[in-house]
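The values are calculated or read from the model by the stated rules, or taken from the named source; none is laboratory data. Keep in mind it's a predicted model, so treat the numbers as computed, not measured. Cβ sites come from the backbone with ideal geometry, for glycine too, and all protein chains shown count toward neighbours.
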Amino acid sequence: MEHDHAHHVGDYNRAFALGVTLNLGFVIVEFFFGLLSDSLALLADAGHNLSDVAGLLLAWGASYLAKAPATANRTYGWRKVPVMASLLSSLMLLVATGALGWEAFQRLFAPQSVTSLTVIVVAGVGVLVNTVTALLFVSGQHHDLNLRAAFLHMAADAGISLAVVLGGLLMLWQELPWVDPVLCLLVASFIIFSSWSLLKDSLDYALDAVPRNIDVQGIRQYLANLEQVDRLHDLHVWPLSTSEVALTVHLVVHQQSLDNGLLHQIQQHLHDHFEIDHATIQLESSLEESNCLLAPTTCH
């Protein structure tokens, strides 16, 4: 059963455009004031926000490629491009964050004074920008890996900027120059922790692992319990894209059950109850199962 999912990303073109514009503008402001105030925390957050801009651009561009039609040698089209974009974005983020974390660690032993009021004001703007951007993707995070990544990153950034504000208030109250590198290390640790989940999911999608929201055991039980089905074999479930899941299975059925009505019933149930978008089902008569090259008795 095929379903057109292009509208999912199409609805978010404006969200991507606004998110990129807001964050790119904020990166410039944050980087400028980070240099002006010599705040490593602001520079770290600016670098992170820049990687988010790159991630948004990657996801946005990949969404267009994903809608390209299938070709003779790419029969699924470019649906996997957003997965690769998400993987690349998470790797870039981890590398950049690791470099900034190392710089913060070195500054622990040579702390420098920071203009705390500047940190507070700029980071406060960051809370607003990141919260607004996160809200742009909040409704789409449940059905698309890229949108979930965008939402989680923006929500994390809002929390990180809030932490910078609190750290700035602390430095304003007490002259503690070591607070800035410590805060940067905390920010880096949080980003790495949140990015690891994105990296893992991206790798899983790239390697065609079953998406975590799909209940394979439940699918197997449903198919096995169908009255017309004697047994099943070669059940495979994998992510076709960041928002579509495919399934193939061989069902050994009674001779009288070899009709399209059963196929439609199963495909509709898999779509409605198990979030399977593309189900390819091969029906085999129990009398002819031995003719299937993939049947357990003939394929080892």
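Against the condition over 15 Å from PRO239 (Cα atoms), crowded, with 17+ Cβ neighbours inside 10 Å and either under 25 Å from the mean Cα position of the chain (by Cα) or touching a residue at least 24 places away in the same chain (Cβ under 8 Å) (or both), how does LEU185 come out, does it pass? Spelling it out, LEU185 is indeed over 15 Å from PRO239 (Cα atoms), crowded, with 17+ Cβ neighbours inside 10 Å and either under 25 Å from the mean Cα position of the chain (by Cα) or touching a residue at least 24 places away in the same chain (Cβ under 8 Å) (or both).
Could you please let me know if VAL20 is in contact (Cβ under 8 Å) with a residue 12 or more places away in the chain, more than 20 Å from GLY101 (Cα to Cα) and among the β-branched types (Val, Ile, Thr)?
On the way: in contact (Cβ under 8 Å) with a residue 12 or more places away in the chain: yes; more than 20 Å from GLY101 (Cα to Cα): yes; among the β-branched types (Val, Ile, Thr): yes.
For VAL20, the condition - in contact (Cβ under 8 Å) with a residue 12 or more places away in the chain, more than 20 Å from GLY101 (Cα to Cα) and among the β-branched types (Val, Ile, Thr) - is met.
If only residues of the stretch 172-197 that are closer than 25 Å to SER89 by Cα and of a type in the set (Phe, Trp, Tyr) are counted, the one that is modelled with the highest pLDDT is TRP196.
When ASP201 is tested against (1) modelled with pLDDT of 80 or more; (2) not in a helix (DSSP H, G or I), exactly one condition is not met: (2).
Just to be sure, is ALA156 part of a helix (DSSP H, G or I), farther than 18 Å from ASP38 by Cβ and in the same structural domain as LEU42 (by TED's automatic domain parsing)?
On the way: part of a helix (DSSP H, G or I): yes; farther than 18 Å from ASP38 by Cβ: yes; in the same structural domain as LEU42 (by TED's automatic domain parsing): yes.
Yes: the conditions hold for ALA156.
Residues of the stretch 250-282 that are within 30 Å of ALA149 (Cβ to Cβ) and of a type in the set (A, V, I, L, M, F, W, C): LEU270, PHE274, ILE276, ALA279. Does ARG79 count as among the basic types (Lys, Arg), in contact with a Pro (Cβ under 8 Å, 6 or more places away or on another chain) and touching a residue at least 40 places away in the same chain (Cβ under 8 Å)? No; evaluated as a whole, the condition is false for this residue.
For beta carbons closer than 8 Å, sequence separation of 6+ or different chains, a first residue in the stretch 206-221 that is touching a residue at least 60 places away in the same chain (Cβ under 8 Å) and surrounded by fewer than 14 Cβ atoms within 10 Å (Cβ to Cβ) and a second that is among the small types (Gly, Ala, Ser) and assigned to a helix (DSSP H, G or I), there are no qualifying pairs.
Any residue at all in the stretch 217-224 that is hydrophobic (A, V, I, L, M, F, W, C), part of a helix (DSSP H, G or I), touching a Ser or Thr at 6+ places or on another chain (Cβ under 8 Å) and at pLDDT 80 or above? Let's see the steps before the verdict.
Just the residues of the stretch 217-224 that are hydrophobic (A, V, I, L, M, F, W, C), to begin with: 219, 223-224.
Then drop every residue that is not part of a helix (DSSP H, G or I), which leaves 219, 223-224.
Next, only the ones that are touching a Ser or Thr at 6+ places or on another chain (Cβ under 8 Å) stay: none.
No: the stretch 217-224 contains no residue that is hydrophobic (A, V, I, L, M, F, W, C), part of a helix (DSSP H, G or I), touching a Ser or Thr at 6+ places or on another chain (Cβ under 8 Å) and at pLDDT 80 or above.
When the test is whether a residue is buried (at least 18 other Cβ atoms within 10 Å of the Cβ), at pLDDT 90 or above and within 19 Å of HIS271 (Cβ to Cβ), LEU232 passes it.
Looking only at the stretch 44-77, residues that are among the aromatic types (Phe, Trp, Tyr) and surrounded by fewer than 19 Cβ atoms within 10 Å (Cβ to Cβ) come to 2 in all. If a residue must be modelled with pLDDT of 85 or more and in contact with a Cys (Cβ under 9 Å, 6 or more places away or on another chain), how many such residues does the stretch 75-104 contain? So the count comes out to 0.
Note on the stretch 22-74: residues that are within 21 Å of the chain's Cα centre (by Cα) and within 21 Å of ASN130 (Cβ to Cβ) total 18. Number of residues in the stretch 72-114 that are among the β-branched types (Val, Ile, Thr) and within 20 Å of SER194 (Cα to Cα): the value is 3.
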